[in-house]
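Following: one structure in structure tokens, then a few remarks.
The values are calculated or read from the model by the stated rules, or taken from the named source; none is laboratory data. For clarity, every value in this text was computed on a predicted model and none was experimentally measured. Note: ideal-geometry Cβ built from the backbone for every residue, glycine included; neighbour counts use all protein chains shown. When the accessible area is computed, the model is the full protein with side chains, heavy atoms only, and any ligands, DNA or RNA have been set aside. Shrake-Rupley method; radii C 1.70, N 1.55, O 1.52, S 1.80 Å.
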Amino acid sequence: MTAQTSVIGFPRIGKNRELKFASEKFFKGEITEAELQDTAKAIRRYGWEKQREAGIGFVASNDFSFYDNMLDTAFLLGAVPERYTALNLNPIETYFAAAHGYQGAKGDVKALPMKKWFNTNYHYIVPELGAATKIALAENAKPVAEFVEAKKLGINTVPNLIGIYTFLRLSTYTDNKKAADFAADAVSAYVQLAENLAKSGAEWISFSEPALVFDVQADEKQLFKSIYSEIVAQIKRKTSLKIALQTYFGDIRDVYADVCSLGFDAIGLDFVEGKKSLELVKSGFPKNTLLLAGIVNGKNIWRANYADKLAIIKELANVVDAGGIVVSTSCSLLHVPYTTASEAALSDDIKKHFAFAEEKLTELADIASGNASALAANRELFATRRTVESAAVQKALASLTDADFVRLPAFAEREKIQHERFALPLFPTTTIGSFPQTKEVRANRALFKKGSISKEQYIEFNKKKIAECIATQEEIGLDVLVHGEFERNDMVEYFGGLMDGFLFTQNAWVQSYGTRCVKPPVVWADVTRRQSMTVDWIVYAQSCTKKTVKGMLTGPVTILNWSFPREDVSLKEQAWQIALAIRDEVIDLEKNGIRIIQIDEAALREKLPLRRSDWHTEYLDWAIPAFRLVHAKVKPETQIHTHMCYSEFNDIISDIDAMDADVITFEASRSDLKILDALKASNFKTEVGPGVYDIHSPRVPSVAEISDALHKMLTKVPQYKLWVNPDCGLKTRGETETKASLKNLVEAAKQLRKEVKG
Ligand code: GLN
Ligand code: ZN
């Protein structure tokens with residue numbers, strides 16, 4: 001058999017992050033817009049040609065973006081807030097103004113907000129719709145331009161659009177108008193766009209509707225149905241285009257029957273993350289319809305097991321018309337790096353287990369063609385997968401009992417013991433961990449890594465920085481001090497590099513937001529701690545002061561969520577393995593006289609499943625225990641802190657409390673204070689430090705401003721549970737503004753102490 005193949009999106013940053021560098025030059029005025037456009041064109045061409053070479057049948061266009069596809073869609077539909085168009089900039093500058101904000105001769109506006117794209121580490125720009133929004137198709141529509149561009153290269157692509165339902169579902173609404181009020185105009189705009197595409201020679205149009213994998217409520221379902229019955233009817237009437245509905249990041253159990261009855265020519269389903277997709281298709285699939293079967297994982301970097309994938313196809317073939325199955329990736333390849341060919345430092349023995357975007361194209365072709373030698377080679381590969389178990393880790397995991405997850409005595413008693421031990425003033429002041437990473441700090445690490453300075457020189461420099469940092473904090477008057485994290489480039493990479501089981505790549509960048517990329521480590525084998533990872537630094541910092549220095553670690557869930565996980569072992573097991581390694585470090589710190597230990601879980605919320613019904617069973621039921629495992633063994637008088645970079649945890653607030661830390665600090669300065677109501681309502685036991693100022697901005701908050709935030713907090717949080725701190729680490733800030741801000745923070749806490757004592 002030879003099935004067809006499809007890909008709904010390809011990486012778009014450039015193999016060597018050309019788009020990032022070109023955009024940065026453009027903003028600095030070092031290159032012209034035409035030069036930036038040329039870079040973009042070359043990137044698109046590269047992706048299309050790679051797909052053609054691999055023989056992919058359905059190649060997407062409009063998957064490129066200068067910043068983000070949701071933002072592109074807002075511009076396509078004319079849904080751009082007036083404050084940006086009123087700047088009277090040229091089109092691309094207006095676009096970037098909405099993406100990053102604009103401060104210059106023509107005005108001063110902030111960027112549109114950004115949010116996590118489903119359960120990925122990619123962030124989209126949240127469109128804003130209001131009474132003034134007039135939805136209408138933009139001139140020179142990007143999807144048409146990019147379709148034509150590909151056609152000139154001889155590739156007839158499938159223009160892929162973010163569907164209206166997803167667009168409206170993810171937008172914010174500034175006044176009484178709701179999603180449904182914009183649907184009719186959006187449908188007209190898309191129908192007109194479809195006509196233009198058809199005139200340009202398109203045969204297909206594809207609508208991405210990932211929002212269908214959320215829980216879909218009755219009114220939302222109604223909206224979805226009304227949008228698509230209209231779109232399908234009108235496009236069919238006015239053009240001969242075929243229409244695909246594409247879904248990903250889960251299954252569409254709530255609307256599957258409707259999707260099947262709406263008359264699409266192709267339906268894309270995710271068989272990797274969609275637990276129920278197979279079952280749904282088995283319940284019936286419309287005649288004369290293509291099934292875009294997302295069976296190759298678009299989100300992870302491991303080779304596909306062809307035998308497993310073919311088994312799925314075989315089951316599908318019982319239901320779907322012969323020739324109707326199109327072998328596809330589970331989602332856009334935006335979420336994986338370009339190619340393993342860029343990893344010169346990894347051995348072939350390791351690399352052969354990886355498939356990045358370009359290798360996945362070959363996988364699609366192999367699976368679709370049933371190529372016998374490729375199947376045999378793949379079978380061989382999986383049979384010889386290096387065994388990656390560590391007997392010690394396996395034994396430690398097997399011998400865990402409930403007691404390993406329960407810290408004793410219970411919270412209230414520990415709180416008493418710790419208050420006595422630390423004798424801190426009311427409203428203790430502290431920071432989140434990192435201090436400004438100046439040029440010298442980064443240069444020191446870089447020189448050491450290159451081998452240009454000795455280990456002694458490297459350590460010497462950092463110790464000097466630590467001593468200075470402690471002295472600064474004493475001068476500022478903070479109560480609980482930190483060492484400053486000068487040895488860390490990144491809170492996950494640092495620990496990954498010191499544990500066995502992680503691999504690092506040189507070039508495996510994936511987009512996080514805009515043109516910014518991250519390079520996640522790979523969990524390759526069972527994870528173990530080689531040696532103590534932070535003890536020397538923290539102990540040295542503690543030796544510089546009589547005040548308490550808190551140790552600083554990254555938690556297991558965050559380390560896992562910001563890595564590419566293994567696929568041969570459950571996420572739960574990987575998290576618990578990392579937890580055991582971090583637990584060793586916690587115990588080590590305690591043994592070495594460290595009295596407060598912070599275990600950051602900055603990314604705990606990131607992998608919360610998209611459907612509420614899965615939150616506990618699929619995630620929280622192992623993620624929260626992973627954190628408890630890390631600290632359950634410490635003494636009652638050792639104080640455990642944790643930190644999260646957001647405050648949207650109203651809906652999982654009891655789970656956060658169940659982490660059983662003694663103190664939690666989190667971002668609160670930018671959000672409204674709803675979180676405080678939730679803390680109160682849930683009778684939150686953990687002591688809290690809601691961030692009193694936003695560290696993402698260089699401005700120095702005044703004493704009055706901080707004091708004001710604290711007063712608000714005090715209306716909801718009991719005095720004796722309130723800590724005072726910034727909302728995240730200070731590493732991206734300058735030294736001068738940091739010192740000024742922290743001085744104001746300490747002053748505000750002092751004033752408040754006086755005030756409450758009367
Ligand atoms: N301790 C880390 C720091 O201060 C926490 C970083 C984070 O929350 N992202 O930098
Ligand atoms: Zn943070």
What share of Cα pairs, in percent, lie more than 23 angstrom apart in the stretch 667-758? 23 percent
Give the long-range amide H neighbours of F564: residues separated by 5 or more places, or on another chain, with amide H under 5 Å away, using H modelled in the peptide plane at 1.01 Å from N. V522, V523
Counting DSSP beta bridges with both ends in the stretch 501-607, the antiparallel % (nearest 5): 45 percent
Extent along principal axes [Cα atoms of the stretch 252-361; Å; largest to smallest]: 51, 25, 22
Just report the Cα centroid separation between the stretch 511-555 and the stretch 176-254, whole Å. 46 Å
How many Å² of accessible area per residue for the chain, probe 1.4 Å? 40 Å²
Rounded to a whole number of µm²/s, how large is the Stokes-Einstein D of the stretch 392-442 at 37 °C and 0.692 mPa s, given Rh as the Kirkwood radius over C-alpha pairs? 210 µm²/s
Restricting attention to the alpha-carbon atoms of the stretch 517-575, what are Rg (one decimal) and Dmax (integer), both in Å? 15.5, 48
Square roots of five times the C-alpha gyration tensor eigenvalues of the stretch 59-143, ordered largest first and given in whole Å, equal 21, 16, 13
Per-residue [θ]222 nm for the chain (sum of -39500 (n - 2.57) over DSSP H runs n ≥ 4, rounded to 500): -13000 deg cm²/dmol
Could you please state, rounded to a whole Å, how far the C-alpha centre of the stretch 55-108 is from the C-alpha centre of the stretch 445-483? 42 Å
Taking every alpha carbon pair in the stretch 30-83, what does the distance histogram look like in 10 angstrom bins from 0, in percent? 20, 37, 33, 9, 1
Given 10 °C and 1.306 mPa s, compute D for the stretch 389-488 with the Stokes-Einstein relation, Rh being the Kirkwood radius over Cα pairs; round to the nearest whole µm²/s. 91 µm²/s
Give the long-range amide H neighbours of E128: residues separated by 5 or more places, or on another chain, with amide H under 5 Å away, using H modelled in the peptide plane at 1.01 Å from N. T172
Convex hull over the alpha-carbon atoms of the stretch 562-664: what's its volume per residue in Å³? 104 Å³
Cα Rg, Dmax (largest Cα-Cα span) when computed across the stretch 317-386, Å: 14.4, 46
Quick one: of K106/K178; K416/K635; K591/K680, which pairs are farther than 24 Å apart, Cα to Cα? K106/K178; K591/K680
At 4 °C and 1.567 mPa s, the Stokes-Einstein diffusion coefficient in µm²/s for the stretch 150-222, with hydrodynamic radius from the Kirkwood sum on alpha carbon pairs, is 92 µm²/s
Rule-of-thumb Rg ratio for the stretch 423-555 [Cα; 2.2 N^0.38 Å; N residues]: 1.18
Under the Karplus relation 6.51 cos²θ - 1.76 cosθ + 1.60, θ = phi - 60°, what is the ordered set of whole-Hz ³J(HN,Hα) values for the stretch 144-155, x standing for Gly and Pro? 5, 4, 6, 4, 5, 4, 5, 4, 5, 8, x, 10
Please compute the contact order of the chain in relative form: average sequence separation of alpha-carbon pairs under 8 Å and at least six residues apart, divided by the residue count, as a percent. 11 percent
Calculated FRET efficiency for the pair T438/I653, C-beta based, R₀ 56 Å, to 0.05: 0.90
Starting at the first residue of the stretch 331-343, write each ³J(HN,Hα) from the Karplus equation 6.51 cos²θ - 1.76 cosθ + 1.60 with θ = phi - 60°, in whole Hz, x for Gly and Pro. 7, 4, 7, 3, 8, 10, x, 5, 8, 5, 5, 7, 9
Members of K41/K299; K299/K465; K20/K607; K463/K739; K225/K276 lying beyond 28 Å, as alpha-carbon distances in this model show: K299/K465
Cα convex hull of the chain: how many Å³ per residue? 168 Å³
Rounded to whole Hz and in sequence order, give me ³J(HN,Hα) for the stretch 632-644 from the Karplus expression 6.51 cos²θ - 1.76 cosθ + 1.60, θ = phi - 60°, writing x for Gly and Pro. 4, 8, 7, 6, x, 7, 7, 9, 9, 10, 9, 9, 10
Evaluated over the stretch 1-155, the Cα radius of gyration and Dmax, each in Å: 16.9, 63
Sort largest first and round to whole Å: the equivalent ellipsoid semi-axes of the stretch 522-615, each the square root of five times a Cα gyration tensor eigenvalue. 30, 16, 9
Given the stretch 316-457, report the % of alpha carbon pairs whose separation exceeds 27 Å. 65 percent
Solvent-accessible area, 1.4 Å probe, carbon plus sulfur percent, for the stretch 1-121: 50 percent
What are the residues whose amide H is under 5 Å from the amide H of M552, where those residues sit 5 or more places off or on another chain and H is modelled from the backbone? Q598
Just to be sure I understand: if I project the alpha-carbon convex hull of the stretch 1-46 onto a plane and average over all orientations, what area do I get in nm²? 4.0 nm²
A 28 angstrom limit on the alpha carbon distance is what I want to check against. Which of K351/K455; K464/K757; K28/K519; K28/K151; K547/K674; K25/K743 exceed it? K351/K455; K464/K757; K28/K151; K547/K674; K25/K743
Could you give the alpha-carbon Rg of the stretch 201-282 over 2.2 N^0.38 Å, rounded to two decimals? 1.09
Portion, in percent, of the accessible area of the stretch 173-296 that falls on carbon or sulfur, probe 1.4 Å: 47 percent
